[in-house]
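Here the structure comes first, spelled out in structure tokens, and everything after it is commentary.
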Amino acid sequence: MRSFYFFSILLFFSCAVKAQPSQPLIAKADTFYAKQDWRAAAKAYENAFANGETQTALTCNKLGFSYFNLGQYGLAIKNLELSLTKNPLPSGLSIIHSRLARAYAANSEKDKALEQLDSAIAHGYSNVPEIETSKEYDKIRNDTTFKNLVSQATDKLYPCLHNAHAREFDFWIGDWDVYPTGGNQIVGSSKIEMEASGCFILENWTAIGYPNTGKSMNFVDPVTNKWKQVWVGSGGAVTEYVNGVYKDSVMQFESSSATPKGTMKIRFRFFNQGTDQVRQFQEYSMDDGKTWNVSYDLTYIRKKK
């Protein structure tokens with residue numbers, strides 16, 4: 001999602017330009033448009049159309065947006081609506097609808113503005129910063145429908161933030177002192193952070209008393225829809241823990257590796273023990289899970305602020 005909207009703009013404009021025959025007057029208008037000389041652009045597009053050069057979804061869109069930036073919202077709406085009738089590329093629909101939403105809002109046509117914003121979002125529009133900073137929306141920001149549409153756009157832009165599945169491991173987020181379970185001697189510290197707008201959780205581990213550090217990325221694997229942890233330690237070890245499931249306040253992963261004595265299965269669990277405590281417990285089995293041995297047993301205590 002990071003660049004979907006901007007990629008759509010690039011694809012929309014580049015593909016549409018390539019599809020058109022040579023049109024010198026429109027090319028001149030495009031030059032003014034690229035320089036954001038809106039008045040000259042609007043005049044040049046109108047002149048191009050008056051001289052028989054083709055009105056396309058792209059050129060009507062550009063003319064409409066030029067008028068929008070000149071504050072001529074009626075003409076902006078007329079040409080942006082016309083753009084929708086010219087078979088625009090799918091990648092351009094969100095752009096046209098979003099511009100229409102702003103134009104209708106600026107023209108004090110709230111219902112049509114909301115309708116167009118809804119259409120823009122339905123076609124993939126997620127430019128929340130633009131929505132938040134566009135002064136055209138100032139008069140309708142408190143409208144319930146508008147707020148719901150902003151929420152929908154936010155979910156498209158940051159799909160992990162409000163996804164319950166992606167939030168299951170949030171209990172581990174924080175700054176922790178780490179002890180052997182049942183002991184009182186600190187063996188390490190770990191800072192667990194939400195990254196990429198909630199799409200993964202980053203572990204930053206530092207041992208105390210011996211030179212060992214490591215990091216892990218924890219995320220919902222889109223292939224399996226289960227949690228996955230990828231651990232990289234300072235000693236060069238890389239381990240993938242897969243099939244993570246959060247159930248009964250426990251996040252459980254599994255892994256396996258080949259050893260000279262056969263396949264070693266690993267069971268790796270994180271116990272959510274309340275706001276300020278997490279138990280991290282890892283076991284291994286050399287007999288296909290018939291018996292289990294403890295690899296380590298640690299308790300994370302949240303650092304006091």
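Some points to look at:
- With θ taken as phi - 60° and the Karplus curve 6.51 cos²θ - 1.76 cosθ + 1.60 applied, the whole-hertz 3J(HN,Hα) list for the range 211-218 is x, 8, 10, x, 9, 9, 9, 10 Hz, x standing for glycine and proline.
- Once the Cβ-Cβ distance of residue 295 and residue 144 is raised to the sixth power relative to R0 = 41 Å, the FRET efficiency obtained is 0.20.
- Each Lys or Arg adds one and each Asp or Glu subtracts one; over the other residues with Cβ under 10 Å from the Cβ of residue 285, this totals 0.
- Treating r as the C-beta distance of residue 193 and residue 115 and R0 as 41 Å, the FRET efficiency rounds to 0.55.
- Residue 165 versus residue 122: modelled label distance in nm, points set 7 Å from Cα along the beta carbon direction: 2.6
- Dipole orientation for the chain: of the candidates 241, 230, 64, 64 has the Cα lying most toward the positive pole (charges on Cβ; Lys, Arg +1; Asp, Glu -1).
- Calculated log₁₀ intensity ratio I(q)/I(0) where the Debye formula runs over C-alpha points of the range 196-305, q = 0.14, 0.19 Å⁻¹: -0.65, -1.21
- When the chain is treated as a Gaussian network with alpha carbon springs shorter than 10 Å, the biggest mean-square fluctuation among 255, 66, 83 belongs to 255.
- Relative frequency of Cα-Cα separations exceeding 23 Å in the range 4-157, percent: 34
- Going by neighbour counts of Cβ atoms within 10 Å, the residues 84, 58 line up, fewest first, as 84, 58.
- Highest mean packing first, where packing is the average number of other Cβ atoms within 10 Å per residue, the peptides 266-275, 241-250 line up as 266-275, 241-250.
- Candidate lysines - alpha carbon under 20 Å from residue 156, same-chain residues fewer than 8 apart omitted: 147
- Dipole of the chain, positive direction: furthest Cα of 291, 207, 74, with charges on the beta-carbon: 74
- The chain: DSSP helices with Cα axial extent of at least 24 Å and average Kyte-Doolittle hydropathy no lower than 0.0: 90-106
- Exposure proxy order (Cβ contacts within 10 Å, fewest to most) of 60, 160: 160, 60
- Taking Cβ atoms as reference points and 13 Å as the exclusive limit, the residues near residue 193 contribute a net charge of -2, counting Lys and Arg as +1 and Asp and Glu as -1.
- Within the chain: Cβ-based charge dipole about Cα centre, in debye rounded to nearest 20 (Lys, Arg +1; Asp, Glu -1): 400
- For 144, 181, order by how many other beta-carbon atoms lie within 10 Å, fewest first: 144, 181
- Extension gain for residue 259 to residue 304 (0.36 nm times residue separation, less C-alpha to C-alpha distance): 12.1 nm.
- Selected from 90, 144, 188, residue furthest toward positive end of dipole (the chain; charges at beta carbon): 90
- Highest to lowest packing among 41-48, 130-137, scored as the average C-beta count within 10 Å: 41-48, 130-137
- Cα gyration tensor category, rounded, prolate or oblate, for the chain with a/c compared to 1.5: prolate
- The residue 179 and residue 155 beta-carbon pair, evaluated with R₀ = 45 Å, returns a calculated FRET efficiency of approximately 0.70.
Read the figures in this text as sums done on the coordinates, not as results from a lab. Worth saying up front: this structure is predicted, and the values here are computed from it rather than measured. When we count neighbours, we look across all protein chains shown, and the Cβ atoms used for this are built from the backbone with ideal geometry, even at glycine.
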